[in-house]
Amino acid sequence: MEALFYLAPLLIIALVVFGATAVIRRARQVGSAWNSGLTAEARCLRTYTTSSGGGDTMVSTTLHHVYEFTTREGRTVRFEEENGPGTTLEGDIVTVHYAPEHPERATAHAPARGQLAAVTGCSLVFFGVIIAFCIVFMVVAHQMFDSMGF
C-alpha cells in the first residue's frame, strides 16, 4: 500500500519530464529553423483536424497542415505541423523556415521568438508545479507512514 504513494507520483513525474523534454525539443527545432535564415515556398497538400476529449470532458480540436517544399539542394521535403493558421487551405503557398541539416523539421509559423519563449517558459513552469506537487505529496505521505509506524 505504501508503495502506491510513491509509485504513482513517480510515474506522474516521469510523464511530466517526458512532456517537458518534448516541449523543449520542439522549441529548439523551431528556433533553429528560424535562426538558419533559410526559407522556401511550400504548398499546403492537406489540412485536417483531430479531436480529443468528449463525454464529461472538454473537447479539444487541433488543426494539422501537411506541407511540401524543395530545399536549395533540390531535395523534396514533406512535413506535418500542428496548430497552423485556420486560413491556410489545401493548395495555398506559404513560406516555410528550415535548418539545412534537418529540413524535415521545418515550420510554417512566422518567426515569433518572444511568443515561443513565453509558451515554452509557461509550459515548463506548469510542469514544474506538477513535479513540486508530486514531491510534496511523497514527503507528506512518508511522514504520515513514519508517524503511523509503518
Could you work out how far helix 113-147 tilts from the main Cα principal axis of the chain, as a 0 to 90 degree angle to the nearest 10? 20 degrees
The ³J(HN,Hα) series, computed from each phi in the range 32-48 with the Karplus coefficients 6.51, -1.76 and 1.60 at θ = phi - 60°, rounded to the nearest Hz and given as x for glycine or proline, is 5, 5, 5, 6, 5, x, 8, 10, 8, 8, 10, 9, 7, 8, 7, 10, 7
The range 58-83-the range 124-149 distance, computed between alpha-carbon centres (Å): 41 Å
For the range 4-147: relative contact order, % (alpha-carbon pairs under 8 angstrom, 6 or more apart): 30 percent
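Give, in nm to one decimal, the length gained when the segment between Glu80 and Arg113 is fully stretched (0.36 nm per residue of separation minus the Cα-Cα distance). Each step should come with its number before you reach the end.
On the way: separation 33, 0.36 × 33 = 11.88 nm, distance 2.07 nm.
Taking 0.36 nm per residue and subtracting the Cα distance, the gain is 9.8 nm.
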Pop the C-beta distance of Leu38 and Ile135 into the FRET formula with R0 = 41 Å and round what comes out to the nearest 0.05. 0.45
From the backbone phi of the range 16-28, what are the Karplus-calculated ³J(HN,Hα) couplings (6.51 cos²θ - 1.76 cosθ + 1.60, θ = phi - 60°) in whole Hz, Gly and Pro given as x? 5, 4, 4, x, 5, 5, 5, 5, 5, 4, 5, 4, 5
Protection-proxy order for peptides 82-93, 133-144, each taking the mean of Cβ atoms within 10 Å per residue, highest first: 133-144, 82-93
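Read-outs throughout are calculated quantities, based only on the coordinates presented, and are distinct from any laboratory measurement. Since we're looking at a predicted model, the values are computed, not measured. So basically every Cβ, Gly included, is an ideal-geometry build from the backbone, and we count neighbours across all protein chains shown.
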